[in-house]
Amino acid sequence: MSSERYLTFALGKGRLADKMLGLLEQTGITCEEMKDKSSRKLIFVNEELKLKFFLAKGPDVPTYVEYGAADIGVVGKDTILEENRRVYEVLNLGFGKCRMCVCGPISAKDLLLHHERIRVATKYPLIAKDYFYNKKHQTVDIIKLNGSVELGPIVGLSDVIVDIVETGSTLKENGLEVLEEICPLSARMIVNQVSMQMETERIKSLIARMKCLITANEK
Ligand code: PRP
């Protein structure tokens, strides 16, 4: 059943949004306005399909979805875990694959092995805390950084870092290694809990179409 209500998508700015727009396009959902990179416009509308799209900072996507400002969000699993918002995670989109890892100089391996009270620099304090306290039962001091986290062990701020590893080249170029793997990551689709009840058919059919496409693309 079609509805007159707009379905609003919040997309995490950057690579994830570009990939998601590509995937939507394959399902016949396009938003021409959004392709204009020089535009400063923040919200885009597809009148025919009654869809709206906006680009937001990744960590804000779950917030927009929890409060219902967006019905659907596309964001990395890292952000979902770190933001811990009340949203439904409905689909693994399969792109943006990487890993959340504990990294550092090889010399830090012993500190991890012996459960020493170490310093951990990270952009993801919640994920780091959950890993060390709840899974490893190791007391650590967590230091929040906002980027270029690899600097932590290099300049002596921390013993290790908890960060995303994709190709591993940032670590390699800075003399660091993956010491422990926390979890695999990729882009996910999240849905507002009320929207899921109110717009079940539209959202479920969208999920089904995306699933088919993801499977077909994997072959
Ligand atoms: C991410 C991550 C690593 C890097 C990993 O940083 O924090 O630094 O990418 O990628 P690689 O394994 O392919 O080298 P991002 O570029 O998002 O910037 P940031 O360091 O400012 O967070």
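The values are calculated or read from the model by the stated rules, or taken from the named source; none is laboratory data. Small disclaimer: the values here were computed from a predicted structure and weren't measured. Note that we place each Cβ from the backbone using ideal geometry, even for glycine, and neighbour counts take in every protein chain shown. Ligands, DNA and RNA are stripped out before the accessible areas are found, and what is left, the full protein with its side chains, is counted by its heavy atoms. Shrake-Rupley method; radii C 1.70, N 1.55, O 1.52, S 1.80 Å.
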Wholly within the range 44-133, helices (runs of 4 or more DSSP H) carrying at least 1 residues that are of a type in the set (Ser, Thr, Tyr)
61-66, 77-83
Return the total of residues in the range 46-102 being modelled with pLDDT of 95 or more, among the acidic types (Asp, Glu) and over 14 Å from the mean Cα position of the chain (by Cα).
2
Can you tell me which residue among Glu116, Glu83 is over 23 Å from Ser195 (Cβ atoms) and either open to solvent by 40 Å² or more (accessible area, probe 1.4 Å) or in contact (Cβ under 8 Å) with a residue 60 or more places away in the chain (or both)?
Glu116
Please enumerate the residues belonging to the range 146-183 that are away from the ligand (no atom under 13 Å from the Cβ) and of a type in the set (Ser, Thr, Tyr).
Ser158
Looking for whichever is among the polar types (S, T, N, Q), touching a residue at least 24 places away in the same chain (Cβ under 8 Å) and over 28 Å from Ile72 (Cα atoms) here; the options are Asn174, Asn192. Which one fits?
Asn174
Determine whether Gly147 is out of contact with any strand residue (DSSP E or B) (no Cβ under 8 Å at 6 or more places or on another chain) and not assigned by TED's automatic domain parsing to the domain that holds Leu81.
yes
Which one of Arg202, Arg209 is outside any strand (DSSP E or B), in contact (Cβ under 8 Å) with a residue 60 or more places away in the chain, away from the ligand (no atom under 16 Å from the Cβ) and open to solvent by less than 90 Å² (accessible area, probe 1.4 Å)?
Arg202
